[in-house]
Amino acid sequence: MKEYQTITEISGPLVYAEVDEAIGYDEIVEIETAQGETLRGQVLESSEDVVAIQVFEGTSGIDRDASVRFLGETMKMPVTEDLLGRVLDGSGRPIDDGPEIVPEERQDIVGAAINPYSREYPEEFIETGVSAIDGMNTLVRGQKLPIFSSSGQPHSELAMQIARQASVPEEEEGGDDEEGSEFAVIFGAMGITQEEANEFMEDFERTGALERSVVFMNLADDPAVERTVTPRMVLTTAEYLAFEKDYHVLVILTDMTNYCEALREIGAAREEVPGRRGYPGYMYTDLAQLYERAGRIKGRDGSVTQIPILTMPGDDDTHPIPDLTGYITEGQIYVDPDLNSQGLQPPINVLPSLSRLMDDGIGEGLTRADHADVKDQMFAAYAEGEDLRDLVNIVGREALSELDNKYLDFADAFESEFIDQGFETNRDIDETLSIGWDLLSMLPKDALNRIDEEFIEEHYREDESEREVLEAAD
Amino acid sequence: MSKADTTDAETDNGVIQSVSGPVVTARDLNARMNDVVYVGDEGLMGEVIEIEGDLTTVQVYEETSGVGPGEPVENTGEPLSVDLGPGMLDAIYDGVQRPLDVLEGKMGSPYLDRGVDAPGIDLEEEWEFEPEVEAGDVVEPGDIVGVVEETVTIDHKVMVPPDYEGGEVVAAEAGSFDVTETVVELDNGEEVSMHQEWPVREARPANDKKTPRTPLVSGQRILDGLFPIAKGGTAAIPGPFGSGKTVTQHQLAKYADADIIVYVGCGERGNEMTEVIEDFPELEDPANGNPLMARTSLIANTSNMPVAARESCIYTGITIAEYYRDMGYDVALMADSTSRWAEAMREISSRLEEMPGEEGYPAYLAARLAQFYERAGYFENINGTEGSVSAIGAVSPPGGDFSEPVTQNTLRIVKTFWALDADLAERRHFPSINWNESYSLYKDQLDPWFEDEVADDWAERRQWAVDVLDEETELQEIVQLVGKDALPDDQQLTLEVARYLREAYLQQNAFHPVDTFCPPEKTYLMLTTIQTFNDEAFDALDAGVPVEEIIDIDSAPRINRIGVQEDYEEYVEDLKAEITEELRNLY
């Protein structure tokens, strides 16, 4: 392996070096500084005599005399089932004082695209125990469903709740089935604070979830450029566990905003023509290469489900990061600052939230036959109630019709009973739908225009005493 | 695309000088613009996009990790072309027409490997050829010389390639042939096989483009009823994420009354394409009950597949569409989404360090969009048949802002605009097409068809519905300020009528087995029912019946259930009679 001491330019996270042999695009590089420190990087651009290298740890300490070694291969992740229970840094090196990891395989972290023909369409309901998700925006195995949040919101609590409670109903039934696929959580932290990281770790340890988890930690004070590899390490591990070892893997990536900032930093250092708000023009493609690694594959038992978390700068969902994400992922869950300040737990705003794969994942045999209709009706009724709230501020409740007042009551009850369940409560789908019916029964029967008459017959509570979940007295 | 024979001249080939993502620069490569080349030791497919001095810039259709300077670049001397022939229906391709099912087999992995190539149509499969010419007939370029049954639904017409000279038929025999074998011989030595190749960036020739006068009936009430598109027309569906672009495109692909559907998934989600692949073979073609895939060709270049292939997939799709048009078929092409296509252009343009236009898009964005939509239309083909290509492009504007370049440049070209609306989607009003913003410039030229085929007062009724909805929009602004009860009775009644228009007529449940497809007759009857309610209700109001009583009648809410009725004719008859009776009994 040839060593070069030919660095010509150092700029931000980039190092340019002259070479006299062919260097492959994306190849891994080691740079040894005069102090004997070894830094790692990746080839961003390769031409006959000069290569551009992006250094993960940052370029401080590198001088013209630093030696550059090209390892002749692209970045790999050592994978093995033994990774479960381990804590790694953002580049995949263990930081938990555990034994050395003996990899079964070393896999390319870029990951080839799954052939759309080889995919299996996701339609198995994942019960998260959160009514706002299960009832209104159902998550299915193999889906990528991000949480759109903003600074200061309890998105981490929500993610932890999902990671803790997520289960697939059929597994519960066939509990003695040893062959059944196991659940694993892979947690990828990118640029989050030590405190946030501790919260996750404590929760993992408290609930015993760490045993079935792999944790990748790139903290706020770790090198920003490393953040561009962390999610690829995470997803490579996820694919290995899912498609070679039959695990149902839930991947939580937080915070995607930090990842995109790192992309922008590299783009700026390379003096690329920027796209919107200075983010690189290829950010859509880059994000797609991460998010599209969720899914199911024909003939394989496992699945990769992704819940990326992103904090929207200025709570603005037209910002390029949430915008491009929303175009790639299969829906989104909005965490709403207003609902949060009202004390709702979890503060999910169901109206702009969406799960695109929901319609095929619910219904008879999957959840319950009336699920789709109940969901549609609740969306319509809650939207109606929300609209009326604006009006009430102007004209007062007395000026509204009796029906309008019922919609207002519905909207209030929907938030306090259906949404606000607390971060520790785990509701099964029957309970969620029963609460739905309790609430819908606040409205007159003929206002339920989206529900099949048969279901109204079966579930509509003629008077409050029939309520199944909510107390009749309130 | 099949691996074309590479040129013999070794001197035409070059070596890689630099690599940056999908853009590779080669030295000493002797190639023309847009020639296909094979890059590197693995032979990755690419296309020449810039020539400067002895440097040639190539966009590579595959991932370039690990490719380095010094590796060879091989020239094919041919532009990017598609294989045309029987076998394109019921197939699923990537952006450069490699069949994904064949790739899966060849790669032996669910992941897309690099450097694997496969022809767009199976070169070995044999088809039963039935000639339509005999020795002595004179044929010209484009003429149909025979037929093979491609699928249960579609007879594939074998044509003389447009770049042939034509002449007298020497031999034409029925029998079983593969696509490379000669089926018709001409006296000038030209041999016609079932296989043609055509460069994707070039429109196939036609005699004449005509004014389209037949609607592409979609079975979607808001489209057929308010904003119809013609066979041979162009339409854009812009909308922010989550507003239902893809569901609308899928509905069109399932129920539009075109002969052939070409569905291009351009830079979209993998799972969505999988849904199409899994659903379509099981769905029935509403026209004849055959599997839907029998009339469908799918092109799936998902967002994580190489960006250069995303740039080409739109062209691959429209070339296949034109080929079936030449046979005299009505083809509908859905492109989901043209924004991803534009972004692919932007990405490559920025790697070339071209001077950017608006929002970083290349200056030629508008020209490329126009070229694409111009390939749609109602044509008289060179063989005298008539066929059409309808192009329906989804647009994904960043932040849902329609003032961005892709939406604006598209709107300058297309004649139908279906504006998707996030507010409607949020309240689960689907399809969430905004009736105030959308338009169709085909309305007038299509009205005669609807009046002949459905009902002679089709246009009047539509106008009535539009007027009521317009009035509602104005009234809603007042309601926002003072509340509904402050309005006079007649306006309250108008709001009620408009509500039925919105909830029953404009909303349609794509996931309900009956409601998902609504024939124009049913669309019409539903509108007449609402109008019956309107007329009778206003009569009652004039007779002094309070508006609360009118609104409260039992039968009216049943209007909302017309959509899910299979025997809608009887249901509508009964309902109209009941509404009339109930309202008349009030005074």
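The values are calculated or read from the model by the stated rules, or taken from the named source; none is laboratory data. Model, not experiment: these values are computed from the prediction. Methodologically, a virtual Cβ is constructed for each residue, glycine included, from the backbone with ideal geometry; neighbour enumeration extends over all protein chains shown.
Checking each residue in the range B:428-475 for being without any contact (Cβ under 8 Å) to a residue 24 or more places away in the chain and either within 14 Å of another protein chain (Cβ to nearest Cβ) or in a helix (DSSP H, G or I) (or both) picks out B:Arg428, B:Asp444, B:Asp447, B:Glu451, B:Asp452, B:Ala459, B:Glu460, B:Gln463, B:Asp467, B:Glu474, B:Leu475.
None of B:Gly387, B:Gly400 is crowded, with 21+ Cβ neighbours inside 10 Å and either more than 14 Å from chain A (Cβ to nearest Cβ) or under 16 Å from the mean Cα position of the chain (by Cα) (or both) except B:Gly387. How do the pairs read when you match residues in the range A:293-310 that are farther than 17 Å from B:Met273 by Cβ with residues anywhere that are assigned to a loop (DSSP other than H, G, I, E, B) and acidic (Asp, Glu), using Cβ under 7 Å and keeping only pairs 6 or more apart or on different chains? As it stands, the answer is A:Asp301/A:Asp246; A:Gly302/A:Asp246; A:Ile309/A:Asp255; A:Leu310/A:Asp255, since those pairs meet every condition given.
Give me the residue from the range A:228-264 that is buried (at least 20 other Cβ atoms within 10 Å of the Cβ) and acidic (Asp, Glu) and, out of that set, nearest to the other protein chains (Cβ to nearest Cβ). My answer is A:Glu239.
Within 14 Å of another protein chain (Cβ to nearest Cβ) and over 25 Å from B:Ala26 (Cβ atoms): does that describe B:Asp336? In short, yes. Candidates are the residues of the range B:257-271 that are in contact with a Gly (Cβ under 7 Å, 6 or more places away or on another chain) and in contact (Cβ under 8 Å) with a residue 24 or more places away in the chain; the one that is nearest to the other protein chains (Cβ to nearest Cβ) is B:Gly270.
Restricted to the range A:333-354, and to residues there that are more than 10 Å from chain B (Cβ to nearest Cβ) and part of a strand (DSSP E or B), the residue that is nearest to A:Glu457 (Cα to Cα) is A:Ile348.
Can you spot a residue in the range A:252-259 that is over 27 Å from A:Leu158 (Cβ atoms) and either part of a loop (DSSP other than H, G, I, E, B) or of a type in the set (Asp, Glu) (or both)? No: zero hits. Taken over the range A:270-295, the criterion of being part of a loop (DSSP other than H, G, I, E, B) and facing chain B (nearest Cβ under 7 Å) is satisfied by A:Glu272, A:Val273, A:Gly275, A:Gly281, A:Tyr282, A:Glu292. B:Gly68 meets all of the listed conditions (1) under 24 Å from A:Gly24 (Cβ atoms); (2) at pLDDT below 90; (3) more than 12 Å from every other protein chain (Cβ to nearest Cβ) but one, namely (3). Mind checking whether some residue in the range A:322-331 is more than 10 Å from every other protein chain (Cβ to nearest Cβ), touching a strand residue (DSSP E or B) at 6+ places or on another chain (Cβ under 6 Å) and in contact (Cβ under 8 Å) with a residue 12 or more places away in the chain? No, the range A:322-331 has no match at all. B:Gly242 meets the conditions (1) more than 16 Å from the chain's Cα centre (by Cα); (2) part of a strand (DSSP E or B) in every case but one. The failed one is (2). Looking only at residues of the range A:95-140 that are more than 11 Å from chain B (Cβ to nearest Cβ) and β-branched (Val, Ile, Thr), we find that the one that is nearest to B:Met107 (Cα to Cα) is A:Val102.
Picking from residues in the range A:341-398 that are of a type in the set (D, E, K, R) and under 27 Å from the mean Cα position of the chain (by Cα), the one that is nearest to A:Ile147 (Cα to Cα) is A:Arg356.
Residue-wise test of (1) assigned to a loop (DSSP other than H, G, I, E, B); (2) more than 18 Å from the chain's Cα centre (by Cα); (3) under 22 Å from A:Val110 (Cα atoms).
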position: A:Asp203; (1), (2), (3): no, no, no
position: A:Val214; (1), (2), (3): no, no, yes
position: A:Asp221; (1), (2), (3): yes, yes, no
position: A:Glu226; (1), (2), (3): no, yes, yes
position: A:Met233; (1), (2), (3): no, no, yes
position: A:Ala242; (1), (2), (3): no, no, yes
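For the range B:195-206, the count of residues that are among the hydrophobic types (A, V, I, L, M, F, W, C) and under 12 Å from the mean Cα position of the chain (by Cα) is zero.
Let's see how each residue does on (1) touching a Lys or Arg at 6+ places or on another chain (Cβ under 7 Å); (2) among the β-branched types (Val, Ile, Thr); (3) surrounded by fewer than 18 Cβ atoms within 10 Å (Cβ to Cβ):
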{"site": "A:Asp412", "(1), (2), (3)": "no, no, yes"}
{"site": "A:Ser434", "(1), (2), (3)": "no, no, no"}
{"site": "A:Asp438", "(1), (2), (3)": "yes, no, no"}
{"site": "A:Lys445", "(1), (2), (3)": "no, no, yes"}
{"site": "A:Arg450", "(1), (2), (3)": "no, no, no"}
{"site": "A:His459", "(1), (2), (3)": "no, no, no"}
{"site": "A:Glu462", "(1), (2), (3)": "no, no, yes"}
{"site": "A:Glu466", "(1), (2), (3)": "no, no, yes"}
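Within the set B:Ala287, B:Ala308, the sole residue that is over 26 Å from B:Leu501 (Cα atoms), at pLDDT below 85 and either among the β-branched types (Val, Ile, Thr) or touching a Gly at 6+ places or on another chain (Cβ under 8 Å) (or both) turns out to be B:Ala308. Each residue in the range B:273-314 was checked for being touching a residue at least 40 places away in the same chain (Cβ under 8 Å), away from chain A (no Cβ under 14 Å), in a helix (DSSP H, G or I) and in contact with a Leu (Cβ under 8 Å, 6 or more places away or on another chain), and 3 of them qualify. Where residues in the range B:347-367 are closer than 11 Å to B:Val406 by Cα and in a helix (DSSP H, G or I), which of them is farthest from the other protein chains (Cβ to nearest Cβ)? Result: B:Ala366.
When the range A:359-372 is limited to residues that are at the interface with another protein chain (Cβ under 10 Å from one of its Cβ atoms) and outside any loop (DSSP other than H, G, I, E, B), the one that is surrounded by the fewest Cβ atoms within 10 Å (Cβ to Cβ) turns out to be A:Asp359.
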